[in-house]
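Report on one structure; see the data block that follows.
The values are calculated or read from the model by the stated rules, or taken from the named source; none is laboratory data. Note that the structure is predicted; figures quoted are calculated from it, not measured. Backbone-built Cβ (ideal geometry, glycine too); neighbour counts: all protein chains shown.
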Amino acid sequence: MAGFFTGPIKHEAPEPLEGPVVPTIVGGTILWFALFLVQLPFYGWFDDHGHTWWVWTCLAGGGLGLIGIWYVRRRDAALKRAAALTEPTETTGEPQSS
């Protein structure tokens, strides 16, 4: 197995795939909270069978999802700001030098 990690890299890593990150995280967070709310009426059953961790896992997933929403929104805004800085500015009427 040691030979697998030795030697020069033969190709560059591909660019990361970008997709609708913010809606995906928001949807997942809503799903975690919905699962938590659906399980609440059955808390007694979960407690009797030793599965209360299912309920609390859904609440933790929703809470972590809120942190994720905050993170990806800031990341998305930073990417947009960086893209705006690297875009060429509109023509200002001045002749361009070649």
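Which one is modelled with the lowest pLDDT, of the residues in the range 13-41 that are under 11 Å from the mean Cα position of the chain (by Cα) and among the hydrophobic types (A, V, I, L, M, F, W, C)? The qualifying residue modelled with the lowest pLDDT is VAL21.
Any idea which residue in the range 12-27 is nearest to VAL72 (Cα to Cα), counting only those that are free of Cβ contacts under 8 Å to residues at least 40 places away in the same chain and in contact with a helix residue (DSSP H, G or I) (Cβ under 9 Å, 6 or more places away or on another chain)?
So in the range 12-27, the residues free of Cβ contacts under 8 Å to residues at least 40 places away in the same chain come out as 12-20, 23-24, 27.
With in contact with a helix residue (DSSP H, G or I) (Cβ under 9 Å, 6 or more places away or on another chain) added as a condition, the list becomes 18, 24.
On the way: GLU18: 12, THR24: 10 Å.
Per the stated criteria, the residue is THR24.
Evaluation of ILE69 against the conditions (1) loosely packed, with under 13 Cβ neighbours inside 10 Å; (2) β-branched (Val, Ile, Thr); (3) modelled with pLDDT of 95 or more shows that the sole unmet condition is (1).
Considering each residue of the range 3-24 in turn, none proves to be under 19 Å from LEU59 (Cβ atoms) and part of a helix (DSSP H, G or I).
Taking the range 7-26 as the range and being surrounded by 12 or more Cβ atoms within 10 Å (Cβ to Cβ) and over 16 Å from LYS80 (Cα atoms) as the test, the residues that pass are THR24, ILE25, VAL26.
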